[in-house]
Amino acid sequence: MTERQTALVVGGTGPTGPLVVNGLIERGFDVTILHTGRHETELIDPEVRHIHTDPFDGEATGEALSGEDFDVAVVMYGRLRVLAQLLAERCDHFVSIGGVGVYRGFGSPDDLFPLGMPVPLPHGAPLVGDGEEFRKLRMIRVTEEAVFEHHPQAIHLRYPQLYGPRQPLPREWPLVRRALDRRPYLVVADGGLTVKSQGWIGNAAHATLLACDAPAAALGGIYNVADSSALSIAQIAEVVADELDHSWELVSLPHDLAVPARPLVGSWSTTHRVLDIGPTMRDLGYRDVLEPVNAWRAAARWLADHPLERDGALEQRLGDPFDYETEDQFVAAWKDARRGFEEAIADIEWLSEPNYGSAYVGDRPNPGVSQERESLNSAASRPKPVTG
């Protein structure tokens, strides 16, 4: 008989943890989870062995792991730099989870020229340097370096902002609550066109399990984890509203004026943060287990069924006061200002009105272009569908 392989998961009870633990069990591993014990979950098989200690306390964790060794270790929680050293002689394959904020410009896109990250951001783009203003982001890079110092053949995954069931701070809640409250409009910044890579919890767990399989091409590599395509804020809002049988008007303001949209953007800048996951797909064989539109539907439905406490501590951490009365005044003031602007420019006459250019194709008129010139691009020129 062949001895069963063993796996250690540090953490394991958060949003992705149970999916990883159960995925390892399905792969035939005897799984041990090491965590504080404060957040037990029924999603994990009761036969899974638990080690309760503080993963942020190196000395306590070292004592808890005395005499232990594993075929695979997955570190999803705790002080990764310390845990990488503690597990250096205790596991054959090391998989670690970090963050995507390690890239230069992630916290301050005005550090880059031209301003903002390229779309998509190349996998090998420069990382934060020692002079980077934000110590938290510098330490992500230092932690990655520590992982490979102790585990040269490790696989390190950079998680983005995750969404889906059991998120401790669900950043999609401002959309869900407004849809449940049947708000007639949603204030968005710059058309709600900001796009950033995010990850459905099931997709992130799937990428982690692929790393646990230790494909030879991935050993010693760092990989970005995210859904294979990203929706804009406006698209996510459309999906959430539709899932919850609602519709709303998107009221777009310039970012510096769009005060109610700040929690959705999560930054002073509406520049994009789109990650290159090509190497993740190539070396790990990653593909979404749930494509983003359906994933956002599932996230919205779960939150609708498991809402946050209104005006509770978690809502307050999201930075959204849900002050609808003031928001109504804000939108009314904007619409008044816009009407005034439209009246002010009504009498302005262009010598030659700007248009969409000669390559334009669309079902709306090209301003200032004669009907004859645009006839080939008009909706009327489309072939009629075959019927009967």
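The values are calculated or read from the model by the stated rules, or taken from the named source; none is laboratory data. Note that the coordinates shown come from a computational prediction; the quantities given were computed from them, not determined experimentally. Every residue, glycine as well, gets a Cβ built from its backbone with ideal geometry; the counts of neighbours run over all protein chains shown. These area figures cover heavy atoms from the full protein model, side chains too; ligands, DNA and RNA do not enter into them. Shrake-Rupley method; radii C 1.70, N 1.55, O 1.52, S 1.80 Å.
How many Å² of accessible area per residue for segment 27-109, probe 1.4 Å?
Numbers: 3910 Å² over 83 residues.
Solvent-accessible surface per residue comes out at 47 Å².
If you split all Cα-Cα distances of segment 156-261 into 10 Å bins from zero, what percentages do you get per bin, shortest first?
Over segment 156-261, the share of Cα pairs per 10 Å bin runs 14, 37, 28, 14, 7, 0 percent.
Determine the shape class of segment 131-203: with a ≥ b ≥ c the square roots of the Cα gyration tensor eigenvalues, call it rounded for a/c under 1.5, and otherwise prolate if a/b is greater than b/c, oblate otherwise. Could the numbers behind the result be given before it?
Values: a/c = 3.31, a/b = 2.10, b/c = 1.57.
Prolate.
At a 1.4 Å probe radius, carbon and sulfur cover how many percent of the accessible area of the chain? Let's see the in-between values first.
Details: 10560 of 20520 Å².
Summing carbon and sulfur atoms, their accessible area is 51 percent of the total for the chain.
Got the relative contact order for the chain handy, in percent, Cα pairs under 8 Å and 6 or more residues apart? Display every interim value, and only then the final one.
Working: 619 pairs, mean separation 57.0, N = 388.
So the answer I get is 15 percent.
May I have the extent of the alpha carbons of segment 302-350 along their three principal axes, as whole Å values ordered from largest to smallest?
54, 22, 15
For segment 6-161, what relative contact order do you get, as a whole percent, if you take Cα pairs closer than 8 Å and at least 6 residues apart?
21 percent.
Read through the labelled values [x] 83, 61, 45; [y] 64, 49, 39; [z] 59, 46, 41 and report the label of the one computed as Cα extents along the principal axes in Å from the structure.
[x]
GNM, the chain, Cα, under 10 Å: largest mean-square fluctuation among GLY199, GLY78, GLY368?
Judging by the Gaussian network model, the answer is GLY368.
Report Rg/Rh for segment 21-148, rounded to two decimals, where Rg is the Cα radius of gyration and Rh the Kirkwood radius.
On the way: Rg = 17.9 Å, Rh = 16.9 Å.
So for segment 21-148, dividing Rg by the Kirkwood Rh gives 1.06.
Any idea how far apart SER267 and THR326 come out in nm if each label point goes 7 Å out from Cα toward Cβ?
2.5
TYR185 to VAL369: extension gain in nm, 0.36 nm per residue of separation minus the Cα-Cα distance?
62.9 nm
Kindly rank 245-256, 296-307, 354-365 from highest to lowest mean number of other beta carbons found within 10 Å of each residue. Working shown, then result.
Numbers: 245-256: 14.6, 296-307: 18.2, 354-365: 10.8.
Result, highest mean Cβ count within 10 Å first: 296-307, 245-256, 354-365.
Per residue of the chain, what 222 nm ellipticity follows from adding -39500 (n - 2.57) for every DSSP H run with n ≥ 4, rounded to the nearest 500?
Calculated mean residue ellipticity at 222 nm is -9500 deg cm²/dmol.
Between segment 87-155 and segment 266-296, what is the separation of their alpha carbon centroids in Å?
One Cα centre to the other: 17 Å.
Hey, what's segment 137-258 come to in accessible area per residue, 1.4 Å probe, Å²? Numbers along the way, then the final one.
Numbers: 4170 Å² over 122 residues.
Per-residue value: 34 Å².
Non-local amide H neighbours of LEU127 (under 5 Å, H modeled in plane, Pro and chain starts lacking H): which ones?
Here ARG104 satisfy the definition.
Give me D for segment 248-287 in µm² s⁻¹, whole number, from Stokes-Einstein with Rh from the Kirkwood sum over alpha-carbon pairs, 20 °C and 1.002 mPa s. Don't skip to the answer; put the middle values down first.
Details: Rh = 13.0 Å.
After rounding, the answer is 165 µm²/s.
Using only alpha carbon pairs under 8 Å that are at least six residues apart, calculate the relative contact order of segment 79-234 and give it in whole percent. Provide the component values of the computation, followed by the final result.
Numbers: 193 pairs, mean separation 45.2, N = 156.
Relative contact order, segment 79-234: 29 percent.
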